[in-house]
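> Got a structure for you, written out below as structure tokens; questions coming shortly.
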Amino acid sequence: EKGGYDYFMLKEIAEQPKAVADTLLGRIGADGQLTLDELRISDAQLRQVDKVVIVACGTAFHAGMIAKYAIEHWTRIPCEVEVASEFRYRDPILDDRTLVIAISQSGETMDTLMALRHAREQGAKVLAICNTNGSTIPRESDAVLYTHAGPEVAVASTKAFLTQLVACYLVSLYLGQVRGTKWDRETFGVIELLGHAPHQVEQVLRTMEPVRELARSLADAHAVLFLGRHVGYPVALEGALKLKELAYMHAEGFAAGELKHGPIALIEHGLPVVIVVPSPRGRAVLHDKIVSNIQEIRARGARTIVIAEEGDEAVAPYADHLIRIPATPALLQPLVATVPLQVFACELATAKGHEVDQPRNLAKSVTVE
Ligand code: M6R
């Protein structure tokens, strides 16, 4: 049942190109227009929406953080994202013009379920992005967009995350389509490039041997930091979460711009720091800023593990280890940038002798609040 792999996690990482392709399947028409037929909220209702609120936990929350960038950029609708466990306890402002998006692989996460119940009580419409047919969260929502990742067995979420991203991009683009915002050539280009994602993820998977080797060499490190900016920031958080839950290591993700506000004090000789570098084409200013961050931490002794787009030469001189990912539009980069971090955590944990499918103290589906 593990399909020849030692662990479900390895199998699920390898299944990502197919999971992404299956989630896109049938949703982009030949004319580049999107059809999302399971979305049972009318276009008229979607045109009324004046705020989007995303609730989710753990890895699904990181997908939600990335969705915020896409939604605000493509639709100009204000979007908030919050961990589901905090949501209902702060008396959030919701009404019938609020679209709440609840993201959950299992569809059974109690924190997320309670958040969506609260939202519906306040009159908000809830759209679930979920991987499990007929589970509680989609059953209690106004609409559902299923991710077609197939069953995810390993506790650490991998393929579900990439498909959550795809679903979030589709929802954002659909909102843009029905509202007529950003529905220009650039957006059409993005839809086409989204179609290349399965192939690009496969490309990344084929080049992972050096990442595995690096991970094994770091099995004795006591901490690893992750830095990113823009959508690379949630990717950094996701890389850190994977390492915490699998390798039981101190791992922390930061927005690179925050370094100087405190975390740079943590940098010491030999500390591994993973940096997710934004595309030099799409986000040139951020790219240059992060290159200076890399220089700063390297000057203080950090061992820099740099994830950068193919052809980004400016960053190469400051990378102790350089992991290349294919060029994508800025907002889509998480689809390829996350994969090396999953492989890294899985391999490092295995090298430490941990059971990666069943990390200690964790359950696949967290059905208590
Ligand atoms: O089933 P859900 O997507 O609602 O689960 C949410 C989190 O519990 C889950 O993503 C968790 O953080 C994973 N173990 C992370 O790998």
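The values are calculated or read from the model by the stated rules, or taken from the named source; none is laboratory data. In this text, all values refer to a predicted model and were calculated from it rather than measured experimentally. Virtual Cβ from ideal backbone geometry, glycine too; neighbours counted across all protein chains shown. The protein model used for the area step is the full one, side chains on, heavy atoms only, and it has no ligands, DNA or RNA in it. Shrake-Rupley method; radii C 1.70, N 1.55, O 1.52, S 1.80 Å.
> Excluding residues fewer than 8 places away in the same chain, name every one of the aspartates and glutamates whose C-alpha is closer than 14 Å to that of Lys11.
Glu1, Glu152, Glu202, Glu347, Asp357
> Computed over the Cα atoms of region 109-215, what is the ratio Rg over Rh, Rh following Kirkwood?
1.05
> Right, something else. Taking the solvent-accessible surface of protein heavy atoms with a 1.4 Å probe, what is the per residue accessible area of region 279-336 in Å²?
Per-residue accessible area for region 279-336 comes out at 39 Å².
> How high is the relative contact order of the chain, in percent, counting Cα pairs under 8 Å that sit 6 or more residues apart?
Computed value for the chain: 19 percent relative contact order.
> Please work out the Cα center distance from region 34-84 to region 191-206, rounded to the nearest Å.
Computed from Cα coordinates, the inter-centre distance equals 23 Å.
> Among Lys51/Lys242; Lys2/Lys364; Lys159/Lys364; Lys125/Lys364; Lys18/Lys159; Lys244/Lys352, which pairs are too far apart, with a Cα-Cα distance over 19 Å?
Lys51/Lys242; Lys125/Lys364
> Counting only heavy atoms of the protein chains, get the accessible area per residue of region 159-229 (1.4 Å probe) and round it to a whole Å² value.
Dividing the accessible area of region 159-229 by its residue count gives 39 Å².
> Could you check how much of the accessible area of region 61-122 is carbon and sulfur, as a whole percent, using a 1.4 Å probe?
45 percent
> Run the accessible area of region 191-343 with a 1.4 Å probe and give the carbon-and-sulfur part as a rounded percent.
The computed percentage sits at 52.
> With the chain treated as a Gaussian network of Cα nodes joined by springs under 10 Å, which of Gln45, Gln295, Gln164 yields the largest mean-square fluctuation?
With Cα springs under 10 Å in the chain, the top fluctuation among Gln45, Gln295, Gln164 is at Gln45.
> If you don't mind, there's one more thing I want to ask. Quick one: what Rg and Dmax do you get for region 170-284 from the alpha carbons, in Å?
When restricted to Cα atoms, region 170-284 yields Rg and Dmax of 17.8, 53 Å.
> Related question: Whose amide H sits under 5 Å from the amide H of Glu309, counting only residues 5 or more places off or on another chain, with H placed in the peptide plane?
Counting only residues 5 or more places away or on other chains, the set is Ile325.
> If one computes the Cα centroid of region 254-288 and of region 291-364, what distance in Å separates the two points?
What the calculation gives is 12 Å, centre to centre.
> Mind putting a number on the dipole of region 1-140 about its Cα centre? Charges go on the C-beta only, +1 for Lys and Arg and -1 for Asp and Glu, and I need it in Debye to the nearest 20.
180 debye
> A follow-up question, please. How big is the charge dipole of the chain about its Cα centre, in debye rounded to the nearest 20, if each Lys and Arg gets +1 on its Cβ and each Asp and Glu gets -1 on its Cβ?
My answer is approximately 360 debye.
> While we're on this one: Ranked highest first by average number of other Cβ atoms within 10 Å, how do 169-176, 285-292 line up?
Packing order, densest peptide first, comes out as 169-176, 285-292.
> A follow-up question, please. With N set to the number of residues, divide the alpha-carbon radius of gyration of region 62-155 by 2.2 N^0.38 Å and report two decimals.
1.05
> Now for a different question. Binning at 20 Å from 0, report for the chain what percent of all alpha-carbon pair distances ends up in each bin.
In order of increasing distance, the bins hold 31, 59, 10 percent.
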